[in-house]
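The values are calculated or read from the model by the stated rules, or taken from the named source; none is laboratory data. In this text the structure is predicted, and so the values were computed from the model without any measurement. Neighbour counts are summed over all protein chains in view; Cβ atoms, including those assigned to glycine, are modelled from backbone coordinates with ideal geometry.
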Amino acid sequence: MSGEDFGLQKVEGMTMDIREYKESDTEEIIGLVEKSLFEIFSAPASNIDDLSNIPEVYFSNGGKFYVAVIDSKVVGCAGVKIENGTPRLHRMFTDSAYRGRGIGTNLLNTIVKFCKDKEYEKITLTTYPQMGQAQKFYKENGFQVINETETILMERIL
């Protein structure tokens with residue numbers, strides 16, 4: 001966990017910083033994910049225990065977790081876990097008040113760069129039928145549906 005910072009970027013007139021997770025981000029990340037999941041599923045979030053222990057869950061296998069920050073507020077997050085030798089995009093969310101401003105694209109590009117730098121051949125993710133906006137975003141960014149059941153498995157060749 002090097003605390004690497006990818007520099008300030010302008011996003012629709014605002015200055016956004018994409019950087020590696022810091023322990024002090026935990027509460028804001030949990031709040032962002034809970035809010036986002038409630039907006040999608042109209043129910044309280046469940047099964048988000050990984051967010052209480054990001055260093056162990058994400059970093060221990062060589063993965064990463066990034067946040068997008070505007071005005072000292074976490075407005076987006078995205079993690080990558082390494083599972084069976086393949087990077088898996090996980091917990092990618094943007095605060096609904098900030099969507100459509102390139103935050104998700106910047107987070108995804110940061111994850112893809114990390115994976116390419118580590119010479120992985122592909123990245124996978126799982127999403128849900130209720131997350132149509134996310135599916136559209138991933139398809140626009142080179143992901144293809146691999147399997148569709150109660151969840152949707154997607155991958156992008158790097």
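Looking at the range 61-75, which of the residues that are in contact (Cβ under 8 Å) with a residue 40 or more places away in the chain and within 14 Å of the chain's Cα centre (by Cα) is surrounded by the most Cβ atoms within 10 Å (Cβ to Cβ)? Filtering the range 61-75 for residues that are in contact (Cβ under 8 Å) with a residue 40 or more places away in the chain and within 14 Å of the chain's Cα centre (by Cα), the one surrounded by the most Cβ atoms within 10 Å (Cβ to Cβ) comes out as ALA68.
Considering the range 15-30, and only residues there that are in contact (Cβ under 8 Å) with a residue 24 or more places away in the chain and part of a helix (DSSP H, G or I), the residue that is farthest from the chain's Cα centre (by Cα) turns out to be GLU23. Of the residues examined, ALA78 is not one that is surrounded by fewer than 20 Cβ atoms within 10 Å (Cβ to Cβ), hydrophobic (A, V, I, L, M, F, W, C), without any contact (Cβ under 8 Å) to a residue 60 or more places away in the chain and under 30 Å from THR15 (Cβ atoms). Given the criteria at negative phi, outside any helix (DSSP H, G or I) and either modelled with pLDDT of 95 or more or over 12 Å from the mean Cα position of the chain (by Cα) (or both), does TYR58 qualify? Considered against the rule, which asks whether it is at negative phi, outside any helix (DSSP H, G or I) and either modelled with pLDDT of 95 or more or over 12 Å from the mean Cα position of the chain (by Cα) (or both), TYR58 comes out as no. For the criterion of being at pLDDT 90 or above, acidic (Asp, Glu) and in contact with a helix residue (DSSP H, G or I) (Cβ under 8 Å, 6 or more places away or on another chain), GLU34 fails. Return yes when LYS81 is part of a strand (DSSP E or B) and at pLDDT below 95 and no when it is not. Against the criterion (part of a strand (DSSP E or B) and at pLDDT below 95), LYS81 does not qualify.
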